[in-house]
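Read through the structure below, which is laid out as structure tokens, and then see the notes.
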Amino acid sequence: MQTEINKVENFALVYDYLYTGDLLPNALNHQYSQALFDNNGFVDESVISSYREKYVQLPNLNAYLDVNSKLLYRITFKEYEVRYKNKKDMAFCYPIEPYANINHVLGAEGSFDKAASIKNISDKALKELRNPNNNFYLLIAFTNEGTMDDFLFEYLYNICYDYNIPNKKLIFSIACPDVEEHHQKFVTKERIPKEHQIKTFFWHWSLRQKADEAQLILYDPTHINQDKFKTKPSIASESDFDESKIRDNNFMIFNRRLRDHRLVLISLLGRDFIEDNLVSYDLEHNHNDTSSEFFKSRLEGELVDIAVKNLEDLNINKPKSIVDFNDIEGVLGFGYEVKEPYINSYIHVCTETNFYSPGIYFSEKTWKPILNLQPFINVNYQGALKHLQDMGFETFHPFINENYDKILDPKRRIAFIYNEIKRINSLPKEEIHEWYYSIQDKLLYNQNHALAHRKENKFQIQLETKYIEGIKNYVLNS
């Protein structure tokens, strides 16, 4: 049954330009946009690839706030001027949506244009943004990532200062549920009063996209992965529960890019653990300086020596470990889904994107074990489990000691996680097996709750509507 979707009333996204069939992304430098115009104004993979080959990458695109586009009114600035400008009961947002790397929109070091993208917006739009008494606000929606570098808020406030935009008129949205906590630390340090603060929102994209993919895999037998392997995808389902079969592996850990915390964890666990469990990595793609100094800045005490010794051993005796696909570096989080590793292991150690740097972030990595009926340890920034619980998901205390989630110090947090993995791995396999099958209802609940976030589902539409309404209400009442 199709969910009825109504546009959010009295809210509109405003764009500078319409070109043939599509509204162009705001704030692009059109000295470099020939590929976009050649493609009739549509941003697709060909346009993205052209930017990547010539100019580092496409700075921003139209993601339509990473919500169902049917919820949104989208108008040109000319329409705004002619039909809507004087409507006091309407909220207008001028969206800039960074693509993958927000540095290119902020004008941070190494950016595409060496300047904030706002320099490319129309003079008329900038004039409206500078007006403190209207309902026309700047919305930087970075909802496809959750990484927050130290300079983030400084650059956001500098945009307001450099372009004479009232701070309250900049709305910043990111896929980081604790964004406002970090923002408040910044404004406290900088002594910025409440009336002169930007507004932050949390919104994420990955769960909806992963839920849509899982729904297809589970219920469309003709679906084939759109990846270079053209694999037949699969997701674990209730029919895969088999209490009579002891699984071969206690743990499964995916490590594609060897971010610092992933390298630290596999170095601590060592070759014996890796050979007894399902762990993927390829040390050929390790770009860290893994001398003892690397580990001393990320671990304490005897763990430094353990990690150094184990990594030396792995480099010599097991430089690569495969779980499913041999080309680890080429595997992405979407489109590469097979259930076999999940149904041959009990607990998933999800090494998320963020750990040492500020900001909780849930990429597709978090949803993979949930959708495949596995309990998990979420190796993330402090507080991640609490936010998953707030989103309605069940976690697995006390069998898994989840007190690691309360530890702010990353050295202590990674040590706690390592010791907890080691403790569980030392238990009799029969005990782990018995516990796993005692939580079947919880695993099925988590899977169904994740699937409820698919694009056209009523529950997801309600969440998306609430998010947009929050932005609208801020604009109308600030």
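Read the figures in this text as sums done on the coordinates, not as results from a lab. Small disclaimer: the values here were computed from a predicted structure and weren't measured. So basically every Cβ, Gly included, is an ideal-geometry build from the backbone, and we count neighbours across all protein chains shown.
Give me D for the chain in µm² s⁻¹, whole number, from Stokes-Einstein with Rh from the Kirkwood sum over alpha-carbon pairs, 10 °C and 1.306 mPa s. Mind showing how you got there, number by number?
Numbers: Rh = 24.2 Å.
Approximately 66 µm²/s, per Stokes-Einstein.
Can you spot the lysines whose alpha carbon is less than 18 Å from LYS199's alpha carbon? Ignore those fewer than 8 places along the same chain.
LYS168, LYS169, LYS185, LYS189, LYS466, LYS472
What ³J(HN,Hα) values, in whole Hz, does the Karplus curve 6.51 cos²θ - 1.76 cosθ + 1.60 give for segment 110-123 when θ = phi - 60°, with x put for Gly and Pro?
x, 6, 4, 10, 6, 7, 4, 4, 4, 5, 9, 7, 5, 4
Over the chain, what is the relative contact order in percent, taking alpha-carbon pairs closer than 8 angstrom and at least six residues apart?
On the way: 808 pairs, mean separation 73.5, N = 478.
This gives 15 percent for the chain.
Could you tell me how far the Cα centroid of segment 395-423 sits from the Cα centroid of segment 42-78, in Å?
Between the Cα centres of segment 42-78 and segment 395-423 lies a distance of 40 Å.
Which of the aspartates and glutamates could a cross-linker bridge to LYS85, judged by Cα under 12 Å and excluding same-chain residues fewer than eight apart?
Result set, ordered by chain and number: GLU128.
Measuring from a point 7 Å past the Cα of ILE407 along Cα-to-C-beta, which residues in segment 256-282 have an amide N at less than 15 Å?
261-262, 264-266, 268-269
Give me, ordered by chain and number, the residues 5 or more places off SER234 or on other chains with an amide H under 5 Å from its own placed amide H.
For SER234, whose amide H was placed from the backbone, the distant partners under 5 Å are GLU337, VAL338, LYS339.
Below 8 Å, C-alpha to C-alpha, sequence gap of six or more: please give me the relative contact order for segment 11-203 in percent.
Details: 321 pairs, mean separation 37.3, N = 193.
In percent, rounded to a whole number, it is 19.
Suppose we keep just the DSSP beta bridges with both residues in the chain; what percent of those would be antiparallel, to 5? Don't skip to the end; give the middle numbers.
Working: 6 of 37 bridges.
Beta bridges within the chain, antiparallel portion: roughly 15 percent.
Give me the net charge of LEU58's neighbourhood, meaning all other residues with Cβ under 13 Å from the Cβ of LEU58; Lys, Arg count +1, Asp, Glu -1. Walk me through the intermediate numbers first.
Details: positive: ARG52, LYS54; negative: ASP44, GLU45, GLU53, GLU97, ASP113.
Neighbour charge sum, excluding LEU58 itself: -3.
Ranked highest first by average number of other Cβ atoms within 10 Å, how do 436-446, 422-432, 407-417 line up? Intermediate results must be reported in sequence, preceding the final value.
Values: 436-446: 15.7, 422-432: 13.0, 407-417: 17.6.
In decreasing order of mean packing, 436-446, 422-432, 407-417 become 407-417, 436-446, 422-432.
Quick one: 3J(HN,Hα) in Hz for segment 298-307, Karplus 6.51/-1.76/1.60 with θ = phi - 60°, rounded, Gly and Pro as x.
Per-residue couplings from phi come out as 10, 9, 10, x, 5, 5, 4, 5, 4, 5 Hz.
What residues have an amide H closer than 5 Å to that of LYS455, excluding those fewer than 5 places away on the same chain, when H is modeled at 1.01 Å from N in the peptide plane?
ASP212
Where in segment 359-404 are there GluC sites (Glu not before Pro) that are in a DSSP coil and have at most 16 other Cβ atoms within 10 angstrom of their Cβ? Write down the numbers at each step before the final one.
On the way: sites: GLU364, GLU394, GLU402; in loops: GLU394.
Answer by residue number: GLU394.
How big is D, in µm² s⁻¹, for segment 1-99 by Stokes-Einstein at 20 °C and 1.002 mPa s if Rh is the Kirkwood radius over C-alpha pairs?
Numbers: Rh = 14.8 Å.
Reported coefficient: 145 µm²/s.
Test of understanding: what is the full-extension gain from PHE37 to GLU81, defined as 0.36 nm times their sequence separation minus their Cα-Cα distance?
Length difference between fully extended and current span is 13.3 nm.
At LYS70 and SER239, where each label point lies 7 Å from the Cα along Cα→Cβ, what is the point-to-point distance in nanometres?
Calculated label separation equals 3.0 nm.
Can you show me the helix-derived [θ] at 222 nm for the chain, built from DSSP H runs with n ≥ 4 at -39,500 (n - 2.57) apiece and divided by the number of residues, rounded to the nearest 500.
Details: 17 runs with 180 residues, N = 478.
Value at 222 nm, helices only, nearest 500: -11500 deg cm²/dmol.
Report, ordered by chain and residue number, the lysines lying within cross-link reach of LYS245, taken as a straight Cα distance under 21 Å and ignoring same-chain residues fewer than 8 apart.
Filter leaves LYS339, LYS429, LYS442.
Give me, ordered by chain and number, the residues 5 or more places off ILE5 or on other chains with an amide H under 5 Å from its own placed amide H.
none
Just to check I understand the Karplus step: with θ = phi - 60° and J = 6.51 cos²θ - 1.76 cosθ + 1.60, what whole-Hz values come out for segment 147-152, glycine and proline as x?
3J(HN,Hα) across segment 147-152, in whole Hz: 7, 10, 6, 4, 7, 3.
Expressed as a whole percent, how much of the Cα-Cα distance distribution for segment 207-451 exceeds 27 Å? Before the final figure, lay out the partial values.
Working: 9911 of 29890 pairs.
Cα-Cα pairs in segment 207-451 separated by more than 27 Å: 33 percent.
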